[in-house]
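Right, one structure below, let's go through it.
The values are calculated or read from the model by the stated rules, or taken from the named source; none is laboratory data. Only a predicted model underlies this, so the values are computations on that prediction, with no experimental measurement involved. Cβ: placed from backbone, ideal geometry, glycine included. Neighbour counts: every protein chain shown.
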Amino acid sequence: MSDDTTVDPSTWDCLANWTEAEREYWWMGPFAGGVPGLVRRVRRILDVSQRGLAGLLDVSQSAVARWETGRTSPRVDVLQRMLRLARVRVVLQDEDTGKEVGPMRADGARKHGGSRFPAHTDLRATGWWVPRALREMTSIDYLRQRDRSRANRDPAIGCHTSPYLKQVERTLFGTPDDHPAVHQLAAEVEHLDELREARRGRPRAA
């Protein structure tokens, strides 16, 4: 063993091999075990050997051994299965506020082609959806498509691609926590329609 105090405790095999510096380092603990410690914690909760955990996850015993020594790490899907078996979950926290940070919602609005909007963009409703070919004209086809989208509650969704404009919008309205769902954006457009109708019905000043 080396005299370097920045050693990885998971690699220590026998207390008799420790140097005095390593003993002093160990006495400063306990230390977070990282992924190797997480795998060992799951094995302790389930009360199984490495071979037993490997059988539950349909992997080899050597793979579990490599996880516990830090040589490799389990894939995310395998890690999720392992945590579900132990009936535990990993919680992410914001270092500044201490609040829990969850994944982005699965039902966030998507493009008409089915793909997701980029995660770093802020979505906003701009009206009811109309195909690009009809947007530059006020024709019967345009009005029919707009009314069809209104009936289907299908909003037109946009986002700023300019970092400057996005920052301006965030300064004015704050940073959204997530992408809203389609029905939330549709409700936003309906609210804009109501405001527009209210302005039209308001008597003009003399």
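Checking residue 42 against (1) within 17 Å of residue 89 (Cβ to Cβ); (2) in contact (Cβ under 8 Å) with a residue 60 or more places away in the chain; (3) not basic (Lys, Arg), which single condition isn't satisfied?
Residue 42 satisfies all of (1) within 17 Å of residue 89 (Cβ to Cβ); (2) in contact (Cβ under 8 Å) with a residue 60 or more places away in the chain; (3) not basic (Lys, Arg) except (2).
Within region 132-153, which residues are out of contact with any helix residue (DSSP H, G or I) (no Cβ under 6 Å at 6 or more places or on another chain) and either among the β-branched types (Val, Ile, Thr) or within 19 Å of residue 105 (Cβ to Cβ) (or both)?
138, 140
Residues of region 179-194 being within 19 Å of residue 116 (Cα to Cα) and exposed (fewer than 13 other Cβ atoms within 10 Å of the Cβ), which ones? Step through it out loud before you land on a result.
The initial filter retains those residues of region 179-194 that are within 19 Å of residue 116 (Cα to Cα), namely 179-186.
Across region 179-194, the qualifying residue is only 183.
Okay, residues lined up against (1) of a type in the set (D, E, K, R); (2) farther than 30 Å from residue 89 by Cα; (3) part of a helix (DSSP H, G or I):
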site	(1), (2), (3)
118	no, no, no
150	yes, yes, yes
166	yes, yes, yes
178	yes, no, no
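Determine if region 45-58 includes at least one residue that is of a type outside the set (A, V, I, L, M), outside the structural domain of residue 191 (by TED's automatic domain parsing), without any contact (Cβ under 8 Å) to a residue 24 or more places away in the chain and assigned to a strand (DSSP E or B). Please lay out each step first, then the result.
If we filter region 45-58 for residues that are of a type outside the set (A, V, I, L, M), which is where we start, we get 47, 49-52, 55, 58.
With outside the structural domain of residue 191 (by TED's automatic domain parsing) added as a condition, the list becomes 47, 49-52, 55, 58.
From the residues that got through so far, the ones that are without any contact (Cβ under 8 Å) to a residue 24 or more places away in the chain too are 47, 49-52, 55, 58.
Retained after the next criterion (residues that are assigned to a strand (DSSP E or B)): none.
There is no residue in region 45-58 that is of a type outside the set (A, V, I, L, M), outside the structural domain of residue 191 (by TED's automatic domain parsing), without any contact (Cβ under 8 Å) to a residue 24 or more places away in the chain and assigned to a strand (DSSP E or B).
Restricting attention to region 66-76, does a residue exist that is at pLDDT 90 or above, exposed (fewer than 11 other Cβ atoms within 10 Å of the Cβ), under 15 Å from the mean Cα position of the chain (by Cα) and within 25 Å of residue 37 (Cβ to Cβ)?
Checking region 66-76: at least one residue is at pLDDT 90 or above, exposed (fewer than 11 other Cβ atoms within 10 Å of the Cβ), under 15 Å from the mean Cα position of the chain (by Cα) and within 25 Å of residue 37 (Cβ to Cβ).
Would you confirm, using the coordinates I've provided, whether residue 98 is at positive phi and either in contact with a Ser or Thr (Cβ under 6 Å, 6 or more places away or on another chain) or in a loop (DSSP other than H, G, I, E, B) (or both)?
On the way: at positive phi: yes; either in contact with a Ser or Thr (Cβ under 6 Å, 6 or more places away or on another chain) or in a loop (DSSP other than H, G, I, E, B) (or both): yes.
For residue 98, the condition - at positive phi and either in contact with a Ser or Thr (Cβ under 6 Å, 6 or more places away or on another chain) or in a loop (DSSP other than H, G, I, E, B) (or both) - is met.
Keeping to region 69-114, report how many residues are within 23 Å of residue 179 (Cβ to Cβ) and of a type in the set (A, V, I, L, M, F, W, C).
8
Please work out which residue is nearest to residue 186 (Cα to Cα), limiting yourself to region 80-91 and to residues that are without any contact (Cβ under 8 Å) to a residue 12 or more places away in the chain and surrounded by 10 or more Cβ atoms within 10 Å (Cβ to Cβ).
It comes out as 80.
Tell me, please, whether a residue that is surrounded by fewer than 10 Cβ atoms within 10 Å (Cβ to Cβ), without any contact (Cβ under 8 Å) to a residue 40 or more places away in the chain and aromatic (Phe, Trp, Tyr) can be found in region 155-165.
Within region 155-165, one or more residues are surrounded by fewer than 10 Cβ atoms within 10 Å (Cβ to Cβ), without any contact (Cβ under 8 Å) to a residue 40 or more places away in the chain and aromatic (Phe, Trp, Tyr).
What single numbered condition from (1) at pLDDT 95 or above; (2) loosely packed, with under 13 Cβ neighbours inside 10 Å fails to hold for residue 53?
With (1) at pLDDT 95 or above; (2) loosely packed, with under 13 Cβ neighbours inside 10 Å applied to residue 53, the lone miss is (2).
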